[in-house]
């Protein structure tokens, strides 16, 4: 019953933040960061299981492992960037949040370059003329 | 999953409340500068704790997703 822990941590963190925000907004934001990290660490074991199951299915289907790894890395980058951007936006720094998201998009695009090139090559090989 | 330390939340909140109280006392005693220093030290201590937690998150995500 992880959900009980998740709900408990969330509510307790919210109330602690409400108490501290008046006097020390900077410490209140750090509580928000810590609560976010703890919530993810609570369910990270399940993420491992999901990834293992997906990997098995993909291997059964004859998919290349490289593509799956690229996919997982992109998910990780997207998640981390989203986390940081939300914290920045909560703290009122919307511009830094936008820049984090932009950087994450660039990094994801760079990671996806091998897949895009392989798709392009297979499309080109389908064309009857050169 | 079992190694998650929810205590850290309460530690941070405790430090925050403690610093608030000391701040009020110092302000009543007309020691604004020391109150400011105290706030700064508190923020740095809490930042160190949060950094450890973030490091833990990065390590686990790195190992799970084969990042880097």
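Derivation of every value follows stated rules applied to the coordinates shown; laboratory data play no part. It should be emphasised that the depicted structure is a prediction, and the values quoted were computed from it without experimental measurement. Virtual Cβ from ideal backbone geometry, glycine too; neighbours counted across all protein chains shown.
Structural remarks
- Convex hull per residue volume in Å³, alpha carbons only, for the stretch A:64-130: 79
- Along each principal axis, taking the top coordinate minus the bottom one, the Cα set of the stretch A:1-61 gives 57, 23, 11 Å in descending order.
- Judged by the ratio a/c of the largest to the smallest principal axis of the C-alpha gyration tensor, the stretch A:19-130 counts as oblate, that ratio being 1.5 or greater while a/b is no larger than b/c.
- In chain A, helices alone account for a calculated mean residue ellipticity at 222 nm of -32000 deg cm²/dmol, with every DSSP H run of four or more residues adding -39,500 (n - 2.57).
- Of B:61, A:31, A:115, the sequence from fewest to most neighbouring Cβ atoms within 10 angstrom is A:115, B:61, A:31.
- Over the protein assembly as shown: Kirkwood hydrodynamic radius from C-alpha pairwise inverse distances, Å: 19.8
- Spin-label model distance (nm) - residue A:90 vs residue A:23, 7 Å beyond Cα toward Cβ: 2.0
- Globularity ratio of chain B, using Cα Rg and 2.2 N^0.38 Å: 1.54
- Gained length - residue B:48 relative to residue B:27, 0.36 nm times residue gap less alpha-carbon distance: 5.0 nm
- Using a Förster distance of 25 Å, the FRET efficiency for residue B:55-residue A:110 (Cβ separation, nearest 0.05): 0.50
- Stretching the chain fully between residue A:46 and residue A:12 yields a gain of 9.9 nm (0.36 nm per residue, less the alpha carbon separation).
- Counted residue by residue at 0.36 nm each, then reduced by the alpha carbon distance between them, the extension gain from residue A:102 to residue A:54 reaches 14.4 nm.
- Our helix-only sum for chain B, with -39,500 (n - 2.57) per DSSP H run of n ≥ 4 divided by its residues, gives a mean residue ellipticity at 222 nm of -29500 deg cm²/dmol.
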